[in-house]
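Notes for the one structure printed next.
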Amino acid sequence: MAGIDSSRQFVPLKIAVLTISDTRALEDDKSGATLAERIERAGHVLAARAIVRDEIGEIRAQVEQWIADPTIDVVITTGGTGFTGRDVTPEAIEPLFEKRMDAFATMFLLVSQAKIGTSAIQTRATAGIAGATYVFCLPGSPGACRDAWDEILVHQLDYRYRPCNFVEILPRLDEHLRRAKAKGATV
């Protein structure tokens, strides 16, 4: 049965949040604030938070900077996953993936369909692994961020969650490249 194994100790991760928007600032970024609040409430560390415009180069540069930072374990983006001409988050980030996490998009679609019905088809949420860092790209609504965190990420980013979770394999993400980032992990 899936759930928290209380015999295991919680392992806080360092998570960066990137909002992709042409119109938002930190003061009115409800989606980024939703994620930041949930990350900290779960016991993780908000390692960084930023906002960039819907421009492939800006999005990619910020995510690449965080992927290269050995102290950041997870990057979560919000915004730019729809179908409008300015929605370019998947195009900016998916080329960085060493491994795609197709099941995340499927899980997110299932969660969204239960909440918003067939409107869930309008998302291009995506996820993958780049540079031994988990990267999750969520839609730009607070509701979508809440659903992704509460229904999927809070569990998979908790070392105590059984039968398995992303935290327990974090030290092995780059074993094929033998990068220093995974060395010395105590998980």
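FYI, it's all coordinate maths here, none of it is from the lab. Just so it is clear, the structure is predicted and the values come from calculations on it, not from any experiment. We place every Cβ from the backbone using ideal geometry, glycine too, and count neighbours over all the protein chains shown.
Contact list please: Cβ distance under 6 Å, first residue in segment 24-44 and touching a residue at least 60 places away in the same chain (Cβ under 8 Å), second residue surrounded by fewer than 17 Cβ atoms within 10 Å (Cβ to Cβ) and among the β-branched types (Val, Ile, Thr), pairs at least six apart or on different chains. Filtered contacts from segment 24-44: ALA42/VAL154.
In segment 102-125, the residues that are farther than 18 Å from GLN156 by Cβ reach residues that are among the β-branched types (Val, Ile, Thr) and buried (at least 18 other Cβ atoms within 10 Å of the Cβ) with C-beta atoms within less than 7 angstrom, at least six apart or across chains, in these pairs: THR123/THR81; ARG124/THR81. Of the residues GLU37, GLU58, GLU91, GLU64, the single one that is acidic (Asp, Glu) and either buried (at least 17 other Cβ atoms within 10 Å of the Cβ) or in contact with a strand residue (DSSP E or B) (Cβ under 8 Å, 6 or more places away or on another chain) (or both) is GLU58.
Screening GLY80 against (1) on the phi > 0 side of the Ramachandran plot; (2) assigned to a helix (DSSP H, G or I); (3) surrounded by 18 or more Cβ atoms within 10 Å (Cβ to Cβ) leaves a single unmet condition, (2). Which one of VAL154, VAL135 is β-branched (Val, Ile, Thr) and closer than 22 Å to ASP174 by Cα? Result: VAL135 is the single residue among VAL154, VAL135 that is β-branched (Val, Ile, Thr) and closer than 22 Å to ASP174 by Cα. The lone criterion from (1) buried (at least 17 other Cβ atoms within 10 Å of the Cβ); (2) within 27 Å of GLU175 (Cα to Cα); (3) within 15 Å of the chain's Cα centre (by Cα); (4) touching a residue at least 24 places away in the same chain (Cβ under 8 Å) left unmet by TYR159 is number (3).
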